[in-house]
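The structure under discussion appears below in the form of structure tokens.
The values are calculated or read from the model by the stated rules, or taken from the named source; none is laboratory data. Nothing here was measured: the structure is a model prediction, and the numbers come from that model. Glycine gets a Cβ as well: all are built from the backbone with ideal geometry, and neighbour counts include every protein chain shown.
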Amino acid sequence: MIILLASQKGGCGKSTLAVNIASYLKDVLVVDADRQETILNSDFGGYFNIDSCYNDMTKQIQKHKKKHKNIVIDVSGRDSEELRSGLLVADIVIVPFIPSQPDLATLDTINDIIGKAKRLNKKIKSFAVINIASTHHKDKLASEAKEFIKSNSKLAVLNTVLRARTSYRDVFIKNKSIFELKDKKAKSEFTKLIKELNL
């Protein structure tokens, strides 16, 4: 399975999602296709294989597919050759959105890019997930963002909402996945995400 983390804005948590998903999967390669090289420069190499790839990734990903059961690709938060070529080989694309106006303003662009890719890669499934949402029980921005995405795109909006928890920031600080940290709430919601994606 090839899973692509994509967005049109930085800071929405793609890399954190990528390493946590990879930590759950077995026989996995993480491809860091973001020139900031957040994952490539991390200490997660002891947990799973990491490689970098830039520009047109289709041939290199197909080669990796012969060696690894699962591939997780992290691309930069913008329209790029890495994003567009990754969409041509991916089985799943996950687009994280912070429930804020600047993030939701990118919806039309990413929806259009994915829509064009689906004409060539008919097997790809596209999902939106609300990420870094408020933990306050009265906050309605996450539910409002989900409804906005449902009404204005063809992305399947996941029921699971990932909250703004310190433990997610600790993932790269401590070089441990969310499954190894002590935050039961974060672990529970990320497990729900995994199950909802049927990984």
task = Name every residue in segment 171-186 that is surrounded by 18 or more Cβ atoms within 10 Å (Cβ to Cβ) and not in a loop (DSSP other than H, G, I, E, B), in order of residue number.
result = V171, A186
message = Please go through segment 135-167 and give me each residue that is within 17 Å of K14 (Cα to Cα) and touching a strand residue (DSSP E or B) at 6+ places or on another chain (Cβ under 6 Å), ordered by number.
response = L155, V157, L158, V161, L162, R163, A164
request  = Any chance you could count how many residues in segment 40-68 are closer than 18 Å to M1 by Cα, assigned to a helix (DSSP H, G or I) and free of Cβ contacts under 8 Å to residues at least 40 places away in the same chain?
outcome  = 6
query = Has segment 136-147 got at least one residue that is in a helix (DSSP H, G or I), more than 20 Å from S80 (Cα to Cα) and in contact with an Asp or Glu (Cβ under 6 Å, 6 or more places away or on another chain)?
reply = no
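Name the residue, out of Q8, Q60, that is polar (S, T, N, Q), touching a helix residue (DSSP H, G or I) at 6+ places or on another chain (Cβ under 6 Å) and surrounded by 15 or more Cβ atoms within 10 Å (Cβ to Cβ).
On the way: Q60 fails: touching a helix residue (DSSP H, G or I) at 6+ places or on another chain (Cβ under 6 Å).
Being polar (S, T, N, Q), touching a helix residue (DSSP H, G or I) at 6+ places or on another chain (Cβ under 6 Å) and surrounded by 15 or more Cβ atoms within 10 Å (Cβ to Cβ) holds for just one of Q8, Q60, which is Q8.
Going by what's in this entry, would I132 be described as at pLDDT 95 or above, touching a strand residue (DSSP E or B) at 6+ places or on another chain (Cβ under 8 Å) and under 20 Å from V31 (Cα atoms)? Steps first, please.
Values: at pLDDT 95 or above: yes; touching a strand residue (DSSP E or B) at 6+ places or on another chain (Cβ under 8 Å): yes; under 20 Å from V31 (Cα atoms): no.
No; evaluated as a whole, the condition is false for this residue.
Could you tell me which residue of segment 89-138 is nearest to A186 (Cα to Cα), considering only residues that are of a type in the set (S, T, N, Q) and free of Cβ contacts under 8 Å to residues at least 40 places away in the same chain? I'd like the intermediate steps shown before the answer.
Step one: filter segment 89-138 for residues of a type in the set (S, T, N, Q), giving 100-101, 106, 109, 111, 121, 126, 131, 134-135.
So of that shortlist, the ones also free of Cβ contacts under 8 Å to residues at least 40 places away in the same chain come out as 101, 121, 126, 134-135.
Values: Q101: 24, N121: 33, S126: 23, S134: 13, T135: 11 Å.
If we take residues in segment 89-138 being of a type in the set (S, T, N, Q) and free of Cβ contacts under 8 Å to residues at least 40 places away in the same chain, then T135 is nearest to A186 (Cα to Cα).
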